[in-house]
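Structure first, commentary second.
The values are calculated or read from the model by the stated rules, or taken from the named source; none is laboratory data. The shown structure was predicted, so the numbers you read here are calculated from the model rather than taken from an experiment. Positions of Cβ are backbone-derived with ideal geometry, glycine not excepted, and every protein chain shown enters the neighbour counts. These area figures cover heavy atoms from the full protein model, side chains too; ligands, DNA and RNA do not enter into them. Shrake-Rupley method; radii C 1.70, N 1.55, O 1.52, S 1.80 Å.
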Amino acid sequence: QVQLVESGGGVVQAGDSLRLSCETYGFTFSTYGMGWFRQAPGKEYQIVAAINWSGGSVYYRNSVKGRFTISRDNAKNTVYLQMNSLKPEDTAVYYCAAENTGWATPSRAEYDYWGQGTQVTVSS
């Protein structure tokens, strides 16, 4: 059974850091591209970052470049999102997702499997 389990969310102050983790089960993680998306209340899903199967290619939305880092550990079937210098506008539910072409894909429609999400709240 495919599962993606996010953890690491919480309530922090502006300028703080958080590290999100997404442990995966039930599919060949090392061949999948992985992405982190977020959804703020009343807003559309946004791609935050994506990473290809090997970790050698990454994508970031402009507003997080230089602050967030996506990485993966294929031995642990886990993808991470290190978030530094957090801002109130980063407040959202963060989801990890997996797509079977193996690429660092920014398009939500390309993703096959999704986690349940973890809440990140950044206070000013």
Net charge within 13 Å of VAL58 by Cβ-Cβ distance, Lys/Arg positive one each and Asp/Glu negative one each, not counting VAL58 itself? +3
I'd like to know which of TYR80, SER63, TYR95 lies farthest towards the positive end of the charge dipole of the chain, counting +1 on Cβ of Lys and Arg and -1 on Cβ of Asp and Glu. SER63
Ignoring ligands, DNA and RNA, how do LYS87, LYS65 rank by accessible area with a 1.4 Å probe, largest first? LYS65, LYS87
When DSSP beta bridges are limited to those with both residues in the chain, what percentage is antiparallel, rounded to the nearest 5? 90
Quote to one decimal, in nm, the extra length available between ASN74 and SER54 on full extension: 0.36 nm per residue of separation minus the C-alpha distance between them. 6.4 nm
Rolling a 1.4 Å sphere over the protein heavy atoms, what is the accessible area per residue of the chain, to the nearest Å²? 50
Reachable lysines from LYS76, criterion Cα separation under 18 angstrom, eight or more residues apart if same chain: none
Using 1/(1 + (r/R0)^6) with R0 = 35 angstrom and r between the beta carbons of ALA40 and GLN1, what's the FRET efficiency to the nearest 0.05? 0.75
Under a cut-off of 30 Å between alpha-carbon atoms, report the lysines in cross-link reach of LYS43, not counting same-chain residues fewer than 8 places apart. LYS65, LYS87
Would you calculate the volume per residue, in Å³, of the smallest convex hull containing every Cα atom of the chain? 90
Give me the percent of the accessible area of the chain that comes from carbon and sulfur atoms, probe 1.4 Å, all protein chains in place. 44
